[in-house]
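Structure first, then comments.
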Number of protein chains: 4
Amino acid sequence: MKKIRIGIIGAGRIGKIHADNLRRHPQAEIAAVSDLFAGPELEAWAAARGIGTVTKDSMELITNPDIDAVFICSSTDTHVPLIIEAAKAGKHIFCEKPVSMELDRTEEALEAVRAAGVKLQVGFNRRFDHNFKRVREHVLGGTIGEPHIVKITSRDPNPPHDDYIPRSGGMFMDMMIHDFDMARYLCGSEVEEVYTQGAVLINPVFAQYGDVDTAVVTLRFKNGALGVIDNSRQAVYGYDQRVEVFGSKGSAAVTNDHPNTAEISTAEGLFRDKPLHFFLERYNEAYIEETHMFIDSLVNDKPVPVDGNDGYQAERIALAALLSLRLGRPVKIDEADALQKSSLESV
Amino acid sequence: MKKIRIGIIGAGRIGKIHADNLRRHPQAEIAAVSDLFAGPELEAWAAARGIGTVTKDSMELITNPDIDAVFICSSTDTHVPLIIEAAKAGKHIFCEKPVSMELDRTEEALEAVRAAGVKLQVGFNRRFDHNFKRVREHVLGGTIGEPHIVKITSRDPNPPHDDYIPRSGGMFMDMMIHDFDMARYLCGSEVEEVYTQGAVLINPVFAQYGDVDTAVVTLRFKNGALGVIDNSRQAVYGYDQRVEVFGSKGSAAVTNDHPNTAEISTAEGLFRDKPLHFFLERYNEAYIEETHMFIDSLVNDKPVPVDGNDGYQAERIALAALLSLRLGRPVKIDEADALQKSSLESV
Amino acid sequence: MKKIRIGIIGAGRIGKIHADNLRRHPQAEIAAVSDLFAGPELEAWAAARGIGTVTKDSMELITNPDIDAVFICSSTDTHVPLIIEAAKAGKHIFCEKPVSMELDRTEEALEAVRAAGVKLQVGFNRRFDHNFKRVREHVLGGTIGEPHIVKITSRDPNPPHDDYIPRSGGMFMDMMIHDFDMARYLCGSEVEEVYTQGAVLINPVFAQYGDVDTAVVTLRFKNGALGVIDNSRQAVYGYDQRVEVFGSKGSAAVTNDHPNTAEISTAEGLFRDKPLHFFLERYNEAYIEETHMFIDSLVNDKPVPVDGNDGYQAERIALAALLSLRLGRPVKIDEADALQKSSLESV
Amino acid sequence: MKKIRIGIIGAGRIGKIHADNLRRHPQAEIAAVSDLFAGPELEAWAAARGIGTVTKDSMELITNPDIDAVFICSSTDTHVPLIIEAAKAGKHIFCEKPVSMELDRTEEALEAVRAAGVKLQVGFNRRFDHNFKRVREHVLGGTIGEPHIVKITSRDPNPPHDDYIPRSGGMFMDMMIHDFDMARYLCGSEVEEVYTQGAVLINPVFAQYGDVDTAVVTLRFKNGALGVIDNSRQAVYGYDQRVEVFGSKGSAAVTNDHPNTAEISTAEGLFRDKPLHFFLERYNEAYIEETHMFIDSLVNDKPVPVDGNDGYQAERIALAALLSLRLGRPVKIDEADALQKSSLESV
């Protein structure tokens, strides 16, 4: 049985989760891990998992001839150079989203991947969620006919720490990018135009950086369907992850997952527990599946389930959404392409 | 358009509700109302509704040649004599449940009805409930195949006042009789045997009268199906009225009705309002429909939807359930027939 | 007991429903009904309800000194002249929505009402719906904190007949106007700006008249909250009427009402019946309550629950939404005021 | 970090599942596996997991001084002798349910465990289910007050193969034993009396062996509460696992888990997918937790979460339920103790 030998670049929370999930795949083997801050703690973590190599230098992994594929889980600004180097070295690549925050940089990375003929999967984990997959199956299967309206609600239980805000990439590139990918995935069509309504209602720090914490974005798809996404950085009742696709023959809607089905009835009313708290709980299984499908794609030389173009298209929409917020008018996705080279800050 | 002229016997809460519901039927007209305690208040009530006759004497209604049908809403002990007199006078009859608490008395009443060729409908209002009717339609339509298990939950929000308990007829004749009727109605088969587990867990006053406030009764139907009914005199979260019929091809289940669909999500959890409070709220529409169907049966000379035999069969099961409680063993319905002439108190 | 004597102007479907609902109020009396097409059928209908006067001439009702209030249920183009005449004649007025499709005409009608000191209630029936009222109570009660996002879904089960489309007033004035009112009612704030995405996805006839059959409208409220409304002229699974208010302390959401709670489980899956079919079923109780509250306002000389300004504000938003559709950009509500005198057709 | 070295006795489906679940615990190590039918297939399975020893002889594991604990996953008739040998050898024991089908044999095994001072955990996996645990927390926490009625529904999606039926131990010892344990666990009280209504409605083969495929069992608990369990060998819509505890201050109820939350609305109605198919899907996480808690009990020398007495008490109730079915009357749990030495066949 063929084994895929993997190097993990960036051993933060998500890097470690991917590593543990990969260990459960019979054909995956973690050969090495790199992290800028590698030290005794990471070494202990690696030792407990039988991972032989721990290094601060990601190039050590990329140039290691025994490694078949790398997982790029380091900070966003490192994604493009690492993809380019890994591609040149003939490694297959799993890269966290977004590839970059600049379209031309992302294009550069994709070009390197194409040139090298390696595979690149982008970490849109939600595509592997049991709920969203079921909606997609019904859309593809024709149950609901032609899509007319795609609705996505995505709200975090807590805002990030204040110091993360300036380097997050902003609501559209950091958070709503998942929903832009989901919109494309569920509707089966590219987005043509977006219009953003945004507000700072939760934490004034967002405003300092030209960011928002609450937004409603309207979409127009190439196939004529309309869409709407609402995001909030703080839903006090927990992670709120719902979608609905409404079409000519009906609708397919999913609501949240809960830690249990208990309904408590008392003299005061009926109660149930809040939804699963945040992405690690809600998308636990999806994270496993995305890495296992990546390994399967390599083992069987099949296309990856989410490719570089998927990453690129979501970034285009995110940039257009931000531009719409700044301009106060609807923006065609093509406009974002044109504008992206100049700083959005100057808009 | 033919009009059915009605006399209401007993103007307590349920008598007045029937009167107001009948007024909404275009072919019903309330001609008279009688009540032992008729006085200025009842007269005012009647006057506001254009009801010409108010009397203390029910026989005035029964002998009135202008009256086509009577609604017997007086206390249970008066049902049999009133049915007999009304039948003799050729009046059609709507009688609240139970017809009586003694099977031979009920038989006597039914015999009088048969002899006179009048119609008798018994007030099992729940058969007209939108939820239970839908379950029945699925059972009759074959959706769930052959019934295997019938489950009924029926719990009141509050126990009755202490002084009502001794004259209530007990949990089986007063409360669970509705569920015995529902069991027959949903299963489409007669009950053959019952076994009762009862307890006094809410109010010790029930024990003083040999009554219980909590009970689980197992049923065996003639068609081989099994059943179980649970009753409580106090569900603090409100009126709990659920049924489920499980069969060879699936199940049909209904849960409670709520005053609204609002779901409130907060940092503490998810909340919704309690079910509709009690029978007047929950069975509001069912009460209307049972009286309107009675009128329709008279206008079109069709069978009534719930007849005297339905009343009789439910009473048989109620007596058998009480006997089972006393004997601490399963009881065939036939046994209750044999024993009923001797006082159950002596068992 | 004081009685309010009412004249019904326009005896179409909704006029008749109001009449029957009013008859259930102990202090309302229908004195007369007018309809351009009054004939034997309407006379029979009126006779069965003891309504003495049937006429083709609405002025006969308006000038009748025995009449206290009129219900204007005739076509939209007649609303303003009838309001003006009725106000001059000192009648209280219940008028179906919209008051008119032109803001200056509506202002004229409101001015006449103010000058005459009569009461005017506008027929936004959904405010009286048990579900939406419960959401509003939670918003007012502070359960969900400050509103951040208001989401409204409103979809009809079937599009109107082709010949109704040109005289409907268009999706925004005919259908979404209810949602604009609901948005103001639930958010407790005026709308400042709207942006419309619309499409013709169901019936090309809508396009012939510059109308749409599918729309997503984004709102910005004066209090900083955002909103989104989606409408479709055809939800094949039935009338879809949901709202959600998301705020700093939680959310309050309501979903559809169903004809029963039955859940059917078979080898194929779990099934339940579609929602209540259309507005007559869903808002049955709300229609009763709006007329009864109007009567109560007259009897007790209290403010009406939905006044002329409520009608006016919803019309402003509807016009702005249409303007946004035409211009392809967000529109301030104030802009609609300025533009309304010139024909929107020329935009 | 201390490691617990484990021998798996019986490498059927459940033995293999336990092994894989144990491998995910950082302090568990599978040292050996025995199975009567061990062969190349099992050797390959073991090799892939780094399990050094594969043998046909369970005594080889039991006498191996390097092994700390055994998992007894072989057929029920081997449980008692294996427990006795393992206890004598000083091994801790995890044993699948039931310990045996004869109470005196179970007592013998428990005596050996006590004498040796080893730990014994019985495989009532459902206690570790997220839903049932949440109900229990609410019962213990006092949310619902004193328990009055415990209701358990437990239905399998498919009956077992015909040839399994005679050696299954019958519905009460094979299937309902889980529910008897759940009843004790949720009610926090021992069962005093049972009454069984059983029927053969699915497969006549059950009747050949004196078994039933459908049953409703009523319970009376020592604390005065009542209970009811219904079982079916065939719910065509899937594994049906629900409980409800109703008490003086409210109720706590859990329904099934589903593979997703998708609700599909079409012109035919509303649909969702069936519950998780069977015990492996539904109790996947519970199986993991029961083995991990066993390991934790050994590592920290704490009591096991489900001990030998729990196994014994559930067996007593199962025997009493069978006796009740045979005798057609309620049976005290004590009666089953007395009768168990004589063959139940002779009853």
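At a glance:
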read-out	value
Selection status of residue A:183, touching a Leu at 6+ places or on another chain (Cβ under 8 Å), surrounded by 22 or more Cβ atoms within 10 Å (Cβ to Cβ) and in a helix (DSSP H, G or I)	yes
Flag if residue B:189 is at pLDDT 95 or above and assigned to a strand (DSSP E or B)	no
Test result for residue B:46, within 21 Å of residue B:76 (Cα to Cα), touching a strand residue (DSSP E or B) at 6+ places or on another chain (Cβ under 9 Å) and either surrounded by 19 or more Cβ atoms within 10 Å (Cβ to Cβ) or of a type in the set (S, T, N, Q) (or both)	no
Residue in the stretch D:208-227 that is within 17 Å of the chain's Cα centre (by Cα), assigned by TED's automatic domain parsing to the domain that holds residue D:249 and farther than 24 Å from residue B:246 by Cβ present	no
Tally of residues being more than 9 Å from chain B (Cβ to nearest Cβ) and in contact with a strand residue (DSSP E or B) (Cβ under 7 Å, 6 or more places away or on another chain) across the stretch A:269-287	1
Among the residues listed as C:174, C:240, C:163, C:230, the single one being within 17 Å of residue C:124 (Cβ to Cβ) and among the charged types (D, E, K, R)	C:174
Criterion violated by residue D:106 - all others in (1) in a strand (DSSP E or B); (2) away from chain A (no Cβ under 14 Å) satisfied	(1)
Residues being in contact with a His (Cβ under 8 Å, 6 or more places away or on another chain) and either aromatic (Phe, Trp, Tyr) or farther than 18 Å from residue A:5 by Cα (or both) - total across the stretch A:53-112	8
Residues located in the stretch D:51-63, provided they are under 11 Å from residue D:33 (Cα atoms) and outside any helix (DSSP H, G or I)	D:51, D:52, D:53, D:54, D:55, D:56, D:57
Where residue D:266 falls short, out of the listed (1) in contact (Cβ under 8 Å) with a residue 40 or more places away in the chain; (2) among the β-branched types (Val, Ile, Thr); (3) in contact with a strand residue (DSSP E or B) (Cβ under 6 Å, 6 or more places away or on another chain)	(1)
Selection from the stretch A:136-164 of residues that are within 11 Å of another protein chain (Cβ to nearest Cβ) and not in a loop (DSSP other than H, G, I, E, B)	A:136, A:137, A:138, A:139, A:141, A:147, A:148, A:149, A:150, A:151, A:153, A:155
Residue in the stretch A:204-218 that is assigned to a loop (DSSP other than H, G, I, E, B), closer than 15 Å to residue A:152 by Cα and either within 14 Å of chain B (Cβ to nearest Cβ) or at pLDDT 95 or above (or both) present	no
Candidate set: the stretch A:251-268, residues that are of a type in the set (Gly, Ala, Ser) and away from chain B (no Cβ under 12 Å); chosen: the one surrounded by the fewest Cβ atoms within 10 Å (Cβ to Cβ)	A:253
Test result for residue B:23, under 22 Å from the mean Cα position of the chain (by Cα) and under 20 Å from residue B:297 (Cα atoms)	yes
Count - residues of the stretch D:20-39 that are outside any strand (DSSP E or B) and among the small types (Gly, Ala, Ser)	2
Residue satisfying condition, being touching a residue at least 40 places away in the same chain (Cβ under 8 Å), over 16 Å from the mean Cα position of the chain (by Cα), crowded, with 24+ Cβ neighbours inside 10 Å and over 21 Å from residue C:307 (Cα atoms), within set C:160, C:147	C:147
Some residue of the stretch D:99-114 being among the polar types (S, T, N, Q) and surrounded by 20 or more Cβ atoms within 10 Å (Cβ to Cβ)	yes
Check on residue C:274, in a loop (DSSP other than H, G, I, E, B), at pLDDT below 95 and not acidic (Asp, Glu)	no
Residue check for residue B:113: touching a helix residue (DSSP H, G or I) at 6+ places or on another chain (Cβ under 6 Å), touching a residue at least 40 places away in the same chain (Cβ under 8 Å) and outside any helix (DSSP H, G or I)	no
Which numbered condition residue A:316 fails, given (1) within 30 Å of residue C:213 (Cα to Cα); (2) among the charged types (D, E, K, R); (3) free of Cβ contacts under 8 Å to residues at least 12 places away in the same chain	(3)
Which listed residue, of A:84, A:51, is touching a residue at least 24 places away in the same chain (Cβ under 8 Å) and farther than 17 Å from residue A:11 by Cα	A:84
Residue D:195 being touching a Ser or Thr at 6+ places or on another chain (Cβ under 7 Å), away from chain C (no Cβ under 14 Å) and crowded, with 21+ Cβ neighbours inside 10 Å	yes
Selection status of residue C:133, assigned to a helix (DSSP H, G or I), closer than 30 Å to residue C:244 by Cβ and not acidic (Asp, Glu)	yes
Single residue of the stretch C:309-346 satisfying the filter (part of a loop (DSSP other than H, G, I, E, B) and modelled with pLDDT of 90 or more) that is surrounded by the most Cβ atoms within 10 Å (Cβ to Cβ)	C:330
Enumeration of residues in the stretch C:225-250 that are within 14 Å of chain B (Cβ to nearest Cβ), in a strand (DSSP E or B) and touching a Ser or Thr at 6+ places or on another chain (Cβ under 8 Å)	C:240, C:241, C:242, C:243, C:244, C:245, C:246, C:250
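Condition check ((1) assigned to a helix (DSSP H, G or I); (2) modelled with pLDDT under 95; (3) over 18 Å from the mean Cα position of the chain (by Cα); (4) under 16 Å from residue D:119 (Cα atoms)) across all residues:
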position: D:1; (1), (2), (3), (4): no, yes, yes, no
position: D:18; (1), (2), (3), (4): yes, no, no, no
position: D:41; (1), (2), (3), (4): yes, no, yes, no
position: D:45; (1), (2), (3), (4): yes, no, yes, no
position: D:65; (1), (2), (3), (4): no, no, yes, no
position: D:79; (1), (2), (3), (4): yes, no, no, yes
position: D:84; (1), (2), (3), (4): yes, no, yes, yes
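Every residue, every condition in (1) in contact with a Leu (Cβ under 7 Å, 6 or more places away or on another chain); (2) within 28 Å of residue A:172 (Cα to Cα); (3) aliphatic (A, V, I, L, M), yes or no:
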residue: A:262; (1), (2), (3): no, no, yes
residue: A:267; (1), (2), (3): no, no, yes
residue: A:275; (1), (2), (3): no, yes, no
residue: A:278; (1), (2), (3): no, yes, no
residue: A:281; (1), (2), (3): no, yes, no
residue: A:308; (1), (2), (3): yes, yes, no
residue: A:312; (1), (2), (3): yes, yes, no
residue: A:315; (1), (2), (3): yes, yes, no
residue: A:321; (1), (2), (3): no, yes, yes
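The values are calculated or read from the model by the stated rules, or taken from the named source; none is laboratory data. Being a predicted model, the structure only gives us computed values, none of them experimental. A quick note on method: Cβ atoms are made from the backbone with ideal geometry, for glycine too, and the neighbour counts reach across all protein chains shown.
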